[in-house]
Amino acid sequence: MGFFRKKSVEVDAPKPQRNLGLAMVTLDRARPLPEGALRAFLRDNWPELPRAKEVRQEGDTLSFELDGAVVTLTLMSAPIPWGDLEGPARAAWHWPEATSRLKAHQAHVIVAVLAPGMDRIATMLLLTRVVAAVAATTDANGVYWGEGPVVNAPDDFVEEAKRTSRERLPLYLWLAFHLSRNTDGTFTLATSGMRSFGFMELELVALREKPATLVDRAFNFAHYLLDHGPVLKDGDTIGLSAQERFRIRHVPSTVEPSRTVYRIEL
């Protein structure tokens, strides 16, 4: 992808404090975690992963070592507080039934991956696969990715997770894409979740382009950052071709002014 006219230097951005990945799978009912089915799902869909080791079941917690990371699954016989889910459910334009489905859940599984030897993206890919295994083998009715925060239907999450790789990151599962209309009639697309990877968030403003293109643009720009690092310097230009160039600015967020974001006017 021919994004840059020139090389640029790294910019300051928040860094994850520890390499811990967390997500939650909402359940219609609380049932014991199916250890055998979980491990079989991981093995069948990602045969390149090593076998789980040090498997332990203690009460409602299942833990094991996978690819050098410690995976912990904890069954909670109570719903996630609605205050945590309400905003992401209302914003889930990709899942119209999110509010009704998530309001009905009765239990949830906390999925944690602690991977001090992995980089952040590898950790999130492993977390995605483990979450998909939980969603596919339990009475799941939703997935809550708190770093966005973003929610997804379990079937959609599982199918997207199966297609993921280092070259095809599942950003629709990891990031929230918030589209809003400005007072002047233009539209802004703001990401949420890039900070968990140590990057500033993106805010794209559609001055000439249709609002529908903003999500695809944000996906591509975010993917480029995760592929290449924080190389977007204030004043650089970005685009999908040599003829297409948009100026990048590091400015206070219109959503949260205390934070600096990448602002791109299209």
- [ ] Could you tell me whether the range 128-139 includes any residue that is touching a Lys or Arg at 6+ places or on another chain (Cβ under 7 Å), among the acidic types (Asp, Glu) and surrounded by fewer than 23 Cβ atoms within 10 Å (Cβ to Cβ)?
- [x] yes
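Which of the following residues is assigned to a loop (DSSP other than H, G, I, E, B), under 20 Å from the mean Cα position of the chain (by Cα) and in the same structural domain as ASP139 (by TED's automatic domain parsing): ALA78, ALA92? Reasoning before the result, please.
Details: ALA78 fails: under 20 Å from the mean Cα position of the chain (by Cα).
Checking each option against the conditions leaves just ALA92.
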Open item on the list: So ILE121 passes all but one of these: (1) aliphatic (A, V, I, L, M); (2) crowded, with 16+ Cβ neighbours inside 10 Å; (3) within 24 Å of LEU73 (Cβ to Cβ). Which condition number does it fail?
Closed with: (2)
Task: Residue satisfying all of: in the range 189-236; assigned to a helix (DSSP H, G or I) and hydroxyl-bearing (Ser, Thr, Tyr); surrounded by the most Cβ atoms within 10 Å (Cβ to Cβ) among these - done: SER196
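Has the range 150-157 got any residue that is of a type outside the set (Asp, Glu), surrounded by fewer than 16 Cβ atoms within 10 Å (Cβ to Cβ) and out of contact with any Phe, Trp or Tyr (no Cβ under 7 Å at 6 or more places or on another chain)?
Here is the first cut: in the range 150-157, the ones of a type outside the set (Asp, Glu) are 150-154, 157.
With the extra rule that they be surrounded by fewer than 16 Cβ atoms within 10 Å (Cβ to Cβ), the set shrinks to none.
So far as the range 150-157 goes, no, none of its residues is of a type outside the set (Asp, Glu), surrounded by fewer than 16 Cβ atoms within 10 Å (Cβ to Cβ) and out of contact with any Phe, Trp or Tyr (no Cβ under 7 Å at 6 or more places or on another chain).
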Open item on the list: Quick test for you: out of PHE187, PHE199, pick the one residue that is modelled with pLDDT of 95 or more and in contact with a helix residue (DSSP H, G or I) (Cβ under 8 Å, 6 or more places away or on another chain).
Closed with: PHE199
- [ ] Sort through PHE177, PHE197, PHE187, PHE157 and tell me the only one that's over 12 Å from the mean Cα position of the chain (by Cα), in contact (Cβ under 8 Å) with a residue 24 or more places away in the chain and at negative phi.
- [x] PHE187
Open item on the list: Return the pair list, or none, for Cβ contacts closer than 7 Å from residues in the range 37-56 that are farther than 12 Å from ALA69 by Cα to residues that are of a type in the set (Val, Ile, Thr) and surrounded by 14 or more Cβ atoms within 10 Å (Cβ to Cβ), at least 6 apart or on different chains.
Closed with: ALA37/THR137; LEU38/VAL134; LEU38/THR137; PHE41/THR137
Open item on the list: Could you go through the range 238-260 and let me know if any residue there is surrounded by fewer than 19 Cβ atoms within 10 Å (Cβ to Cβ) and in a helix (DSSP H, G or I).
Closed with: no
Open item on the list: Out of the residues in the range 92-116 meeting the condition of being under 23 Å from LEU175 (Cβ atoms) and modelled with pLDDT under 95, tell me which one is surrounded by the fewest Cβ atoms within 10 Å (Cβ to Cβ).
Closed with: TRP93
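The values are calculated or read from the model by the stated rules, or taken from the named source; none is laboratory data. Quantities reported herein were computed from a predicted structural model and do not represent experimental measurements. Positions of Cβ are backbone-derived with ideal geometry, glycine not excepted, and every protein chain shown enters the neighbour counts.
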